[in-house]
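Since the structure comes first, as structure tokens, the remarks are kept for the end.
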Amino acid sequence: MMVSAIISRVVILVFGTLYPAYASYKAVKTKNVREYVKWMMYWIVFALFTCAETFADIFLSWVPFYYEAKIVFVLWLLSPATKGSSILYRKFVHPQLTKREQKIDAYIQQASDKGYSAILTVGSKGLSYASNVVVQTALKGHGAVLDHLKKSYSMSDLSVEGSSTAVGPNVPPVIPDNEDELDNLDNRLIEEREEANRRLREGQDDVITTRDTQLRSRTSKYSHKEGMTC
């Protein structure tokens, strides 16, 4: 079965395709109308045979001598003695095509119109999809930049918090969304740091004043006791 399939394919390729193609070339070159018409009829019949063969290979390949029958049929179409392609064209193909020519033309026109509209639809959808992909990619890239800035600023917040624990209350980390908020946060951090330092200085001054008051009070009491003793 496999050998018969390979042999039939080679015979159809050489005798059913290559040789008729070269003969058609010679007919066009010599401008022989009779040969030109002959090979045009052959190619029409051979095209129909190729379409039928595509489905027959699927459903009829198990039939005995199927591939041998294909070889014989192609040689019958090609042979000048039998003129099989001319007989099939004149008796079957040409009458059927003439009867259905208008319907076939209408179907072809509808298919071309629908195909053109389908191409436009698919093209517009493709452009829309591509634009959406570009926009989403740009947004993702912008989000990655913002995430990087947020992470960087979070690390700076941690360092600021560690340095400010000795002088004042902890500053809660704030994650900015844009450059304006970054500037505002910097200014707010500077103000809070200055306020913490001011409070620390005021607290130290209060402690010193309290200690001076206590020392003076003790000194006055000691002087008073010495005066009483004398």
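The values are calculated or read from the model by the stated rules, or taken from the named source; none is laboratory data. All values derive from a computational prediction rather than experimental measurement. Here the Cβ is made from the backbone with ideal geometry for all residues, glycine too, and neighbour counts use every protein chain on show. The protein model used for the area step is the full one, side chains on, heavy atoms only, and it has no ligands, DNA or RNA in it. Shrake-Rupley method; radii C 1.70, N 1.55, O 1.52, S 1.80 Å.
For this structure, a couple of remarks:
- Scalar couplings 3J(HN,Hα) for the range 46-61, obtained by applying the Karplus form with A = 6.51, B = -1.76, C = 1.60 to θ = phi - 60°, are 5, 5, 5, 4, 5, 4, 5, 5, 4, 7, 5, 5, 7, 9, 10, 5 Hz; x denotes Gly and Pro.
- Checking the Cα-Cα distances for K31/K114; K91/K114; K31/K103; K31/K91; K31/K83 against a 29 Å cut-off, the pairs over it are K31/K114; K91/K114; K31/K103.
- Kirkwood estimate for the range 99-142, i.e. one over the average of 1/r between Cα atoms, Å: 13.0
- Peptides 46-52, 81-87, ordered by how many other C-beta atoms sit within 10 Å of their residues on average, highest first, read 81-87, 46-52.
- Gain in span if fully extended, L75 to L127, counting 0.36 nm per residue against the direct Cα distance: 13.6 nm
- For W76, solvent-accessible area (1.4 Å; no DNA, RNA or ligand), Å²: 90
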